[in-house]
1. Can you pull out every residue in segment A:398-431 that is under 25 Å from A:N117 (Cα atoms) and either touching a helix residue (DSSP H, G or I) at 6+ places or on another chain (Cβ under 7 Å) or outside the structural domain of A:S364 (by TED's automatic domain parsing) (or both)?
2. Can you pull out the residues in segment A:216-241 that are of a type in the set (A, V, I, L, M) and surrounded by 15 or more Cβ atoms within 10 Å (Cβ to Cβ)?
3. Given the residues A:I263, A:I254, which is the only one that is more than 10 Å from chain B (Cβ to nearest Cβ) and either part of a loop (DSSP other than H, G, I, E, B) or of a type in the set (G, A, S) (or both)?
4. Quick test for you: out of A:L237, A:L283, pick the one residue that is away from chain B (no Cβ under 14 Å), assigned to a loop (DSSP other than H, G, I, E, B) and at pLDDT 95 or above.
5. Are any of the residues in segment B:99-120 within 14 Å of another protein chain (Cβ to nearest Cβ), aliphatic (A, V, I, L, M) and touching a residue at least 40 places away in the same chain (Cβ under 8 Å)?
6. Please specify each residue of segment B:144-156 satisfying the condition of being outside any loop (DSSP other than H, G, I, E, B) and of a type outside the set (S, T, N, Q).
7. Mind checking which residues of segment B:157-169 are crowded, with 16+ Cβ neighbours inside 10 Å and assigned to a loop (DSSP other than H, G, I, E, B)?
8. Only one of these is part of a loop (DSSP other than H, G, I, E, B), under 25 Å from A:T424 (Cα atoms), more than 14 Å from every other protein chain (Cβ to nearest Cβ) and modelled with pLDDT of 95 or more: A:N291, A:N340. Name it.
Amino acid sequence: MKTKMFLAIVIVSSLVIATRISSSLAQGNPVFVQLGQAKGAVYKPDSGPQLQIGILVMHRESNYMNNIACREFSRRGFVVLCMNSRFENNEALVDWELIPLDVAQGVNHLKNVQKVNTVILYGNSGGGVTMSFYQAVAENGPSVCQGANKLVQCGNNLGGLPPADGIILSDGHPGNPILRLRSVNPAVNNEKNPDRLNPRLDPFDPKNGFNPEGASHYSDEFKARYFKGQAERMNRLIDDALELLQRVAAGKYIYTDDAPFNIPKFDGARLLSLNPSIRHTTLFPEKLLKNDGSIAVQIVESLAPSRPELAEANQTFSEGSREGLTVRSFLSSNAIRANNSMDESQIDLCSTNNSTPCMLQQVSVPLLAAANQASFQNLIQEVEINYLYANSADKDFIVVEGATTGVTPCANCANPATSYANVTKNFFDYAAKWINDRFSSN
Amino acid sequence: MSFYQAVAENGPSYCQGSNKIIQCSNALSGLPPADGIIFRDAHPGNPVIAGVRNINPAVVNDSAVIDHNRPPRINPRLDPFDEKNGYNPSGPSKYSDQFKNAYFKGQAERMNRLIDLALERLHEIEASDNPEDDAPFIIPRGDSAKIFQLDLSILHSTVNPQKLLKNDGTISTQIVESVRVAAPEIAELNRTFNGGTLFLTVRSFLTANAVRGTNSLDGIDHCSSNNSTVCAVQKISVPVLFGAMQGHYFIRDNEIHYELSASADKDLIVIEGATHGITPCTECEQFPGQYSNTVKNFFDYVAAWVNDRF
């Protein structure tokens, strides 16, 4: 990981917002567009001159056709294409290595139909790795997502994709597999008997430090054991999945193409959402975009409240098992090799193609990485690490005070939501200025 | 749409009662009814078309499959893809009446077994610490075993003379035969995960994929599910138009919907040579362009139907 200089001085500066918002720029009627197997809605000002900058918004499977970015960016004078991939609302269907084909449909639409000359990719939460993957492939070709180290390789059908001109990651996490690696319950040591837990690794046992009423506190020994255990369970699951896939391919299983791969207690056992001592700040002094619009540079503390309710969620099918996966969707979009879940140097970051820190090393265009201080998954340090891995010569990192992952004011933080009333305006003003500073003369 | 309108016109009592596999809640009170409904090649409901008429009845060990991930065990006497039973891998199959009767009965029996298994799981969930939760409910060989896709003698026509909107825009009244072609390739799909497996949860199975019955063709307790066109049209009073597509296999089902509909103002039309998606069924054509006007004809007819009334 790259290092950066420690800045001890707190700098407070006023944000000069270059883009004025006026009611005349309001988007009245988003227009539906079919984009191959994907679909989208085009938001743009109802009137005015031809716009030169287009923004593409998408997630691998969530419905982003009405994401907050659609209206906020269009109000600021951009053409915004908000898309749903072919896998909308269906995690079990995701074939991650096909995702760039859907993003490409959007880039081509913005360039060829909307006639913009600059395209910015905008990825919120899991949309961040979607856009990072796309841009890495578009800049370098399919070799980025091929090789013996990959759990799943992409095809050469990803050749010749049009690269975008910049990327904005809004609370973009490190990728679904790393999230799962850090959320899998390592106390399960026999997949055939997931109810039998190893008590030494049970994160929801008060004897280990769990607090059902608030913040938990685990010992360093427990944490070290836990992070190693998470990687070990993930590796076992990968081995099971690969073995099952071989049987499927050899015609030695019930099915001939794919197979169910339900993983009890696969999600919700995220220690850094339980124990505020884990990755609860930025690594370095970073910019904090405060509610009054000023910027301070400091070590930024996460505001994400502890989530003891994960104890219950981890046991459910709907959350703990993520409603069921298949062998292929697990390997493609939920699996990564590692020896330790919380140490990037012990994670084989590029063993999956769904990895922001892997893909950003192959991206050269300008990058804005924004972390949201009240992200429900406590992502601020993870977003910072994405930024640190990024290869872009022009890159920026900022934390938005009191913002949730959805870029709205935190309503369950220690301070009332009114303390963070401006998060939406502040972030989109900042992002609009970042875009205009770089691309408005194109 | 038929479920919505039936609830909007009658209130939640329509979807409640001890005969229902899943009952609706009173949250469905006070919904605003629409003024008319157009059914475009509507099927009898997902539990019928994706459920009881779709599952392979030859599987005899569902409990072991669902509980212990065992491979499905096949009863060869009910195997629709066995040439000894009439399957033709190269074209239309021909099954004996005896086989067909056993098959339809077997489909209903397998569906009833699956419902019992799912209800058992649901009761376990409701008694657990997370009573609102769900569980996987995966049914191998639960899809792509509709034998009317193989044997074109099944559900092949209307029973009574009905209107056929021909490619030249004229309408004739006649017994309308489906022009669909056989799909022997479903034999392969039935063995796959993506094409032959119902990848569901306990709740999604029971609410949208399950219906009680004694025979998948004509012995279905349609109102045991709230996902039933057949049940709902009997409780709808506004004008209804049923448009059936001749290049598909829902002609007779649409005629049944029409016959059972309680609407005083109801109409049934079959679109000559149209696929389920309204486009021309080119593989059904005897000469190129035979069904070239399906889209125009259907939407012109629908537009006139709407304008004449509203």
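The values are calculated or read from the model by the stated rules, or taken from the named source; none is laboratory data. The model shown is predicted, which means the values in this text are computed figures rather than measured ones. Here the Cβ is made from the backbone with ideal geometry for all residues, glycine too, and neighbour counts use every protein chain on show.
1. Of everything in segment A:398-431, just one residue is under 25 Å from A:N117 (Cα atoms) and either touching a helix residue (DSSP H, G or I) at 6+ places or on another chain (Cβ under 7 Å) or outside the structural domain of A:S364 (by TED's automatic domain parsing) (or both), namely A:F428.
2. A:A231, A:M234, A:L237, A:I238, A:A241
3. Step by step, each of A:I263, A:I254 is checked, and only A:I263 is more than 10 Å from chain B (Cβ to nearest Cβ) and either part of a loop (DSSP other than H, G, I, E, B) or of a type in the set (G, A, S) (or both).
4. Answer to the selection: A:L283.
5. Looking for residues that are within 14 Å of another protein chain (Cβ to nearest Cβ), aliphatic (A, V, I, L, M) and touching a residue at least 40 places away in the same chain (Cβ under 8 Å), one finds at least one in segment B:99-120, hence yes.
6. Scanning segment B:144-156 gives B:I147, B:F148.
7. B:T158, B:K166, B:N167
8. The unique qualifying residue is A:N291.
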